[in-house]
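First comes the structure, then the notes that go with it.
The values are calculated or read from the model by the stated rules, or taken from the named source; none is laboratory data. Since the structure is predicted, the reported quantities are computational estimates derived from the model, not experimental observations. With ideal geometry, Cβ positions are generated from the backbone for all residues, glycine too; neighbour counts draw on all protein chains shown.
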Amino acid sequence: AEALTTDLGRRAGFLRPAVSLRAVDGVTLSIAEGEAFGVVGESGCGKTTLARTLLGLQREAAGEITLAGRRVSGLAPAEARRLRADIQYVHQDPGAALDPWWRVGATLDEGLRIHGVGDAAERAARIAEMLAAVGLDADFGQRYPHELSGGQQRRIGLARILLLRPKLVILDEPTAGLDLSVQASVLRLLAELRARFGLTYLFISHDLTVVRRVCDRVAVMYLGQVVEEGPAEALFARPAHPYTRALLAAAPHLDGRAAGPSLPGEPPSLRRIPAGCRFHPRCTRASALCAAQTPPTEAAGPAHHVACHHWREAA
Ligand code: SF4
């Protein structure tokens with residue numbers, strides 16, 4: 001996938017041309033039906049570009065996307081739009097996805113109307129049922145977004161997309177900005193809804209603690225590439241990549257203990273991708289080999305893969 005950066009100078013008619021950057025590079029992911037798949041990494045690692053590409057908001061330069069066996073990429077725009085309706089996105093700021101001038105019920109109804117679902121009575125019944133499923137009374141339909149707490153807005157955001165019965169739900173930092181108790185209730189709700197509606201989640205987060213509670217499998221991304229992928233249990237118990245280990249060391253503990261020191265520095269710009277292993281300028285285990293050669297992806301366990309020259313010593 002390529003992120004097209006358009007500098008303001010070009011938009012204003014100045015000199016510099018747009019620069020095409022490869023924000024996601026050589027990533028192959030397969031998500032099974034009913035699975036919760038986590039993608040983690042610092043900001044700029046490519047996880048949001050990955051989501052935008054799945055949603056058709058970002059052009060893929062190469063590769064393909066298939067959904068339930070059907071190819072989504074390369075289709076005519078109208079057909080791709082229809083197929084992509086099966087992929088729904090829960091915004092990390094649910095308040096931004098709600099019209100402040102509309103009562104919640106009208107917003108929920110709009111999605112159903114656009115997709116031609118039933119008559120008014122049918123839609124009202126479906127909305128009441130979905131509000132109950134996300135733990136809210138039917139009278140929440142009469143409220144305006146500003147009358148809702150952050151947790152309630154997230155519940156409405158979930159109700160809005162679940163009404164459309166998507167095949168894949170992309171959750172982008174779904175607990176960002178919530179205090180710990182609300183965070184826990186949202187995570188519980190996500191697990192309940194997944195079980196009840198047989199949902200498939202692509203869960204995007206920088207927070208490993210949250211991902212650990214929700215996901216069956218996890219991919220760790222760094223600078224546009226997957227550096228480690230595996231069953232959540234194995235990856236959290238036996239992290240093989242130095243980057244995963246550093247992220248885990250910096251994550252808050254499930255039992256409330258404080259996080260360790262955060263990873264020093266920041267990922268470099270996509271304009272200056274390091275040679276060899278992209279993580280080598282920040283890696284405490286980096287060797288001359290790391291700076292010279294891209295590490296191959298190797299098996300670190302059943303269905304567990306890692307791209308690091310020295311993962312055995314690191315593990
Ligand atoms: Fe660190 Fe080298 Fe492994 Fe990259 S390949 S993560 S630099 S040890």
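Can Ala240 be described as part of a loop (DSSP other than H, G, I, E, B), of a type in the set (Gly, Ala, Ser) and either within 11 Å of the ligand (Cβ to nearest atom) or crowded, with 17+ Cβ neighbours inside 10 Å (or both)?
yes
Can you find a residue in segment 252-267 that is aliphatic (A, V, I, L, M), within 23 Å of Ser43 (Cβ to Cβ) and within 16 Å of the ligand (Cβ to nearest atom)?
Yes, segment 252-267 contains at least one residue that is aliphatic (A, V, I, L, M), within 23 Å of Ser43 (Cβ to Cβ) and within 16 Å of the ligand (Cβ to nearest atom).
Do we find that Thr175 is hydroxyl-bearing (Ser, Thr, Tyr), closer than 25 Å to Leu202 by Cα and assigned by TED's automatic domain parsing to the domain that holds Ile204 in this structure?
yes
Go over the candidates Ala191, Ala184, Ala195, Ala176 one by one and state the one that is small (Gly, Ala, Ser), closer than 25 Å to Phe236 by Cβ and touching a residue at least 60 places away in the same chain (Cβ under 8 Å).
Answer to the selection: Ala176.
Tally up the residues in segment 156-170 that are touching a helix residue (DSSP H, G or I) at 6+ places or on another chain (Cβ under 7 Å) and of a type in the set (D, E, K, R), please.
Number satisfying all stated conditions: 1.
Which one of these is over 25 Å from the mean Cα position of the chain (by Cα) and at pLDDT below 95: Ala314, Ala249?
Answer to the selection: Ala314.
Under the condition of being without any contact (Cβ under 8 Å) to a residue 24 or more places away in the chain and near the ligand (Cβ under 6 Å from one of its atoms), which residue from segment 288-311 is farthest from Glu229 (Cα to Cα)?
The qualifying residue farthest from Glu229 (Cα to Cα) is Cys290.
Counting only residues that are more than 8 Å from the ligand (Cβ to nearest atom) and either over 15 Å from Met221 (Cα atoms) or touching a strand residue (DSSP E or B) at 6+ places or on another chain (Cβ under 7 Å) (or both), how many does segment 270-287 have?
6
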